[in-house]
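The values are calculated or read from the model by the stated rules, or taken from the named source; none is laboratory data. Quantities reported herein were computed from a predicted structural model and do not represent experimental measurements. Counting neighbours? That spans all protein chains shown, and the Cβs are built from the backbone with ideal geometry, glycine included. Remember, those area values only see protein heavy atoms, side chains included, never the ligands or the DNA or RNA. Shrake-Rupley method; radii C 1.70, N 1.55, O 1.52, S 1.80 Å.
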Amino acid sequence: RARRTVGLSDFGDMAFVEPLRIFLESASAEASLGVVGEAATRWDVVRFLGNLLTMRAAEQRDAGILRQTIERPIFIAGLPRSGTTFLHRMMIEDPNNRAPSVWQTVSPYRDPRAKKDQPDRRIAQVQRQLKLFEWMAPEFRALHPLDATSPQECSEILAHVFRSMRFDSNYNIPTYRAWLDADESRHFPAYAFHKRFLQHLQHQDPEPGGQWVLKCPEHVFALSAIRRIYPDARIVFVHRDPVKVLLSVAKLTEVLRRPFSRRVDRLQIGRDESARWLGGTQRMIEAGDDIGLPEPICHVHYIDLVTDPVATVEQVYKHFRMPFGEVAANAMDRYVSARPNGGYGPRDYRFE
C-alpha cells in the first residue's frame, strides 16, 4: 500500500521489517484496537513506510544528502512531564538553534507526485490532523499543547523504523515493549536513522545552519546509541519530583490511548508507567555526569526552570560554552511572557 501511495518501490535497508512485524502482531493481539485505532494504525504505518521510500529515492538522486554533517547536537532528556518540552521550546527561540517541526516529522518531503507549481500544503494538512485528534481527545491540548509548527520530539523520527516508545505510549502492546526493552543495542538502528532523518531536513533547508536541539524522554534509554552515532553529542537531563511526573505521564498515556482502544486499564497504566520511569530514573542515576562524551551532562532542575526560565537556559549555554546573546535572551523572555504556565491548561491528577 505504501508503494502504491507514493509510486516508489525501493526501501533500501529493510531492517525495519522485524520491529514492524512485532509491533503489528502486538497491536493486533493486545491493544484492543477499535475502528478508529485500526484506521489510525494503518494510516500511521503506511505514512512511515511512504516516508522511507521517499527518502531513499531522494538519496539516490542526490548523494550529498548523506554527506551532511550533524555537529554537536544537544539532546534534552529526562523523565517525561519534567519540563523537557518547555526547555526545548525556549531554546528554539534562539535563531541560532533548530529542531524538527511537527509537520516535518509527519511529512519530511512533499508528495513526489505533486506538480512543482502546486503550493506546499503540508503544514495546513498536519494542522488539520492535530485538530482532528484534539476533537477525539479533548484533554490532550491542556496536557501537551502542540501545533504543526511546534518543535517535535524525536520519538516521531524513531517511529519511522518502528523502534520507538511512541507506540508504547499510544497502545497497550506489552510484547512489543518487552522486545524493545530486552536489548539496548536495538536502539542503534533507530539512532542511525535519526541522524539520516536530520541530514534530510538539513539538506533541504541549509540556510539556518543552526545547532540541532533535540528532545525526547526516551533518550535516557539509548545513551549508548547516542554516544555511538553522535560522538560529539551534548546531553541535558531535566529533573523533577518523580511523584508528580508519574501522575502526569499516567494521565497523558490514558488520554493518548483512549481514542484508539476499546478498553483502557488505568490501573495497568499506573503500574506500567511506574515501572518504565523507575527504569528511566535508574539510567539517569547510573549516567551521573559522564557517559563518555566530550562534555559532561548538564543537569537542569524543574523548579529552577519554571522559577527563572531565561536564567536557567543561560546556565545551559554556559555549561556548553555557547554564546548567549541579547537576541536569544529577549526572544525567550517574550516566549515566556506570551505563554503563562508554558501554554498548559489546568490539570487534575489523582493517584487512584
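With contributions of -39500 (n - 2.57) from each DSSP H run of at least four residues, the per-residue ellipticity at 222 nm computed over the chain stands at -16000 deg cm²/dmol.
Give the accessible surface of the chain per residue, rounded to a whole number of Å², with probe radius 1.4 Å and ligands, DNA and RNA excluded.
The answer is 47 Å² per residue.
Near His160, once Lys and Arg are set to +1 and Asp and Glu to -1 for all other residues with Cβ below 12 Å from its Cβ, the sum equals +2. Annotation: amide H-H contacts under 5 Å for Asn172 (H modelled 1.01 Å from N, sequence separation of 5 or more, or interchain): none. Phi-derived couplings, Karplus 6.51 cos²θ - 1.76 cosθ + 1.60 at θ = phi - 60°, listed residue by residue for region 308-323: 9, x, 5, 5, 5, 4, 4, 5, 4, 4, 5, 4, 9, 6, 9, x Hz, with x used for Gly and Pro.
Once Rg and Dmax of the Cα atoms in Å is worked out from the coordinates, which option in (1) 19.6, 56; (2) 25.0, 76; (3) 22.6, 72 does it equal? Identified label for the calculated read-out: (1). Cβ-Cβ distance of Leu267 and Ala142, R₀ of 30 Å, FRET efficiency by 1/(1 + (r/R0)^6): the value works out to about 0.80.
When peptides 294-301, 178-185, 309-316 are ranked by their average number of other Cβ atoms within 10 Å per residue, the highest-first order is 309-316, 294-301, 178-185.
For Asp205 and Ala15, what does the FRET efficiency come to when R0 = 35 Å and r is the distance between their Cβ atoms, rounded to the nearest 0.05?
Numbers: r = 27 Å, r/R0 = 0.78.
FRET efficiency, Asp205 to Ala15: 0.80.
Distance between the 7 Å Cα→Cβ label points at Gln60 and Val306: 5.1 nm. If one computes P(r) from the Cα atoms of region 216-352, what percent of pairs lie at distances over 17 Å? Tail of the P(r) past 17 Å holds 69 percent of the pairs. You can think of it this way: the chain between Asp232 and Asp120 has 36.8 nm of extra reach, that is 0.36 nm per residue less the Cα-Cα gap. Net charge dipole, region 292-339: roughly 100 debye, given to the nearest 20, about the Cα centre with Cβ charges of +1 for Lys and Arg and -1 for Asp and Glu.
Quick one: order Val36, Val126 from most to least accessible surface, probe 1.4 Å. Don't skip to the answer; put the middle values down first.
Details: Val36 65, Val126 5 Å².
From most accessible down to least: Val36, Val126.
Sort 144-153, 79-88, 6-15 by the packing proxy (mean of other Cβ within 10 Å over each peptide's residues), most packed first. All intermediate terms of the calculation are to be shown ahead of the outcome.
Working: 144-153: 18.9, 79-88: 24.8, 6-15: 14.0.
The packing order, highest mean first, is 79-88, 144-153, 6-15.
All other residues with a Cβ under 11 Å from the Cβ of Ile229 taken together, and with Lys, Arg as +1 and Asp, Glu as -1, what is their net charge? Don't skip to the end; give the middle numbers.
On the way: positive: Lys195, Arg196, Arg227, Arg228; negative: Asp232.
So the surrounding residues net to +3.
Cross-link pairs exceeding 29 Å between alpha carbons, from the set Lys115/Lys215; Lys215/Lys251; Lys131/Lys318; Lys131/Lys251: Lys115/Lys215; Lys131/Lys318. The order of the peptides 189-197, 275-283 by mean Cβ neighbours within 10 Å, most packed first, is 189-197, 275-283. For a quick check, take a GNM of the chain with Cα springs below 10 Å and name the residue from Trp212, Trp43, Trp103 with the largest mean-square fluctuation. Comparing Trp212, Trp43, Trp103 in the GNM, the peak value goes to Trp43.
Could you check what % of the DSSP bridge pairs in the chain are antiparallel, to the nearest 5? Display every interim value, and only then the final one.
Values: 2 of 16 bridges.
Close to 10 percent.
Fully extending the segment from His319 to Asn96, taken as 0.36 nm per residue of separation minus the present Cα-Cα distance, adds 78.6 nm. Charged side chains reduced to their Cβ positions (Lys and Arg at +1, Asp and Glu at -1) give region 190-309 a dipole of some 780 debye around its Cα centre. Residues whose amide H comes within less than 5 Å of that of Ile235, counting only those at least five positions distant or on another chain, are Phe75, Cys298 (H built at 1.01 Å from N in the peptide plane).
Translational diffusion coefficient of region 210-277 (Stokes-Einstein, Kirkwood radius from Cα pairs, 4 °C, 1.567 mPa s): 90 µm²/s. At 1.4 Å probe size, with the rest of the protein present, what percent of the exposed accessible area of region 220-314 is carbon and sulfur atoms? Of all accessible area on region 220-314, carbon and sulfur atoms account for 53 percent. Computed 3J(HN,Hα) for region 288-299, one whole-Hz value per residue from the Karplus formula 6.51 cos²θ - 1.76 cosθ + 1.60 where θ = phi - 60°, is x, 9, 9, 10, x, 8, x, 10, x, 5, 9, 9, glycine and proline marked x.
In this Cβ point-charge picture (+1 for Lys and Arg, -1 for Asp and Glu), the chain has a dipole of about 1100 debye about its Cα centre.
May I ask you to give the percent of accessible area on region 128-199 that is carbon plus sulfur, with a probe radius of 1.4 Å?
Working: 1450 of 2640 Å².
Result for region 128-199: 55 percent of the exposed heavy-atom area is carbon or sulfur.
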